[in-house]
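The values are calculated or read from the model by the stated rules, or taken from the named source; none is laboratory data. For clarity, every value in this text was computed on a predicted model and none was experimentally measured. Neighbour counts run over all protein chains shown; Cβ positions are idealised from the backbone, glycine included. Accessible surface areas use protein heavy atoms only, side chains included; no ligands, DNA or RNA. Shrake-Rupley method; radii C 1.70, N 1.55, O 1.52, S 1.80 Å.
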Amino acid sequence: MNVISDTIDPASKEVRFRSPFKEDGADILQLVRDTGVLDVNSVYAYLLVGEHYSQTSVVAEVGDQLAGFISAYCPPSKPDTVFVWQVGVAEAGRGRGLATRMLYEILKRPACSHVRYLDTTVGPTNEASMALFRGFAAKLDTRCEEEELFASELFGDHESVDGEPHEPEILFRIGPFDTAAIRESAE
């Protein structure tokens, strides 16, 4: 599989959602690099997503090409929460609702049947991600609380993708919501 480069319509039936496999790790890494805004982790981290967190993560494909990816997991200390770690959409699919569709896909999964909250962190200058999660909360007709989780000092000398000091990470806590209602509305 490769990362998609042509324009796609993420609302079309051509987009297929599935759990990631460990074999997707290298393509996920390439997609993350191609976004130019996400922190790039090692390919090993993306292999682990496919191996350990596949039931709470998602890939979107068009044909045999990767169009999007979300890594997520349920923190052991918060069993009613799914934490979205990274959201990546190929350039060809941006601004067309693909990220929102992937979020719904995760919440409809049996692994999230107990989930009532979605947590994620967003840098304060990542306007697209802030809009995505605020908009998702509005679609779910629930709250979106925001507060700093990781101060920039916690990142030490590690730089962000653009070579600047790492921004703080703002926690977005969306909920409560009813995943059973989300599953029923999709059927």
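Tell me the residue from GLU153, GLU147 that is open to solvent by 40 Å² or more (accessible area, probe 1.4 Å), over 26 Å from SER19 (Cα atoms) and modelled with pLDDT of 95 or more, please.
None of the other options fit; the residue is GLU147.
When you scan the stretch 150-160, do you find a residue that is within 14 Å of the chain's Cα centre (by Cα) and of a type in the set (D, E, K, R), even just one?
The answer is no; no qualifying residue exists.
For the subset of the stretch 64-84 comprising residues that are closer than 24 Å to GLY36 by Cβ and out of contact with any helix residue (DSSP H, G or I) (no Cβ under 8 Å at 6 or more places or on another chain), which member is modelled with the highest pLDDT?
Here the residue is PHE83.
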